[in-house]
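Single-structure report; data block below.
Every read-out reported here was derived from the displayed coordinates using simple, explicitly stated rules and does not represent laboratory data. The model shown is predicted, which means the values in this text are computed figures rather than measured ones. FYI the Cβ positions are ideal-geometry reconstructions off the backbone, even for glycines, and counts take in every protein chain you see.
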């Protein structure tokens, strides 16, 4: 887009939380000039458009259909698919902004927010100090994402920005205050938390950050997410080297990165490190379900499907109420070709009673349903997952397109494939499917339908 970020700025009708137009312009220029956004063409256009509209006093009129028309050139004749593309890109933009403020933009004096459920930008002054970020997070919020960003910022500040120990202690104390007052649960009883706190504040912080970090792992196909989680778990290990959860979490994300690595040498290095972390966790506490789930993940990446299933089943027996452990089993069963077991472990795509809301199990259930020929259930489960706020990945859109094609809804299937290719141009679906399924025919069951729709992958 060639239009300037600020257009008719003197006509602003809504105050920007005390942030001037010049500061708002600077915010956008910083973001667009970052390495994270350097090649993010559509997200750059999206961000530039909504900010320009807000600064011009037209923020209340920003809608999905106006973005589809003004940014993507898609009119009403393209149907609801156009606004779905906007929703997908808005979710990607929010994730990218989270990544930016956890890394390059950590000390920016002003932050830009795109609130969930809205396309309207909001600006917030932080004065460029990490401590200000802690204070701005609303006490009482149980947002996993907020606490995930806290952990990431703490870890990166430790390694990159704040080498003096006194500064690190300040950050640890601030993060601790937020965690202890947020009401977020790590599965510990109040008495257990107090006991751990008496032993060591850093131990309780390690447990809290590890729990929030592991709940941010899905979708596992999201490489930037796995890369961003790596320093979080590294910091958990530094906080408490005797705590198994830091090693298990790090093993999991390193295994996921190995699975997504294109370079064989990098893949081997990541997998070796992942195995070492999992073995350390096992030596610290061999009875932990999450540790066994991490070991299962390592075996899965090595394509030792039998051992992966054995360990995943064992982890599920121990952690019968642990959603993430059950999702790990469901995913491994899916790619091992045990589709009915995958559906069972995914709880038929439904939330489990008395547990946190789950998203990954819906996508896993949908994929397994596709492979047993229940295409309608597969498509509807993926649509419900998106509607509930579940993360979207290239494989989920691929399964949707293939399911629509299998039901004879070819026009909708082509639109879904177009959405996939626009959202993730050049996504290596062949690697994602052939590299995970134990049998080539199961990957072909999806990819062949995409080829019939016009997909040009290998």
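Observations
- Residue 383 paired with residue 448, simple spin-label distance in nm, labels 7 Å along Cα-to-beta-carbon: 2.6 nm
- Panel order for 106, 407, by other beta carbons found within 10 Å of each beta carbon, from fewest to most: 407, 106.
- With neighbours defined as other Cβ atoms within 10 Å of a residue's Cβ, the residues 321, 83 order from fewest to most as 321, 83.
- FRET efficiency for residue 409 and residue 35, using Cβ-Cβ distance with R0 set to 41 Å, rounded to 0.05: 0.55
- Relative exposure of 332, 372, judged by other C-beta atoms within 10 Å (fewest first): 372, 332
- With 0.36 nm allotted per residue and the present C-alpha distance subtracted, the residue 266-residue 21 stretch has 83.7 nm of extension available.
- On full extension, the segment bounded by residue 434 and residue 287 gains 49.6 nm, given 0.36 nm per residue less the C-alpha separation.
- Cα gyration tensor, the range 321-458 - rounded (a/c under 1.5), prolate or oblate: prolate
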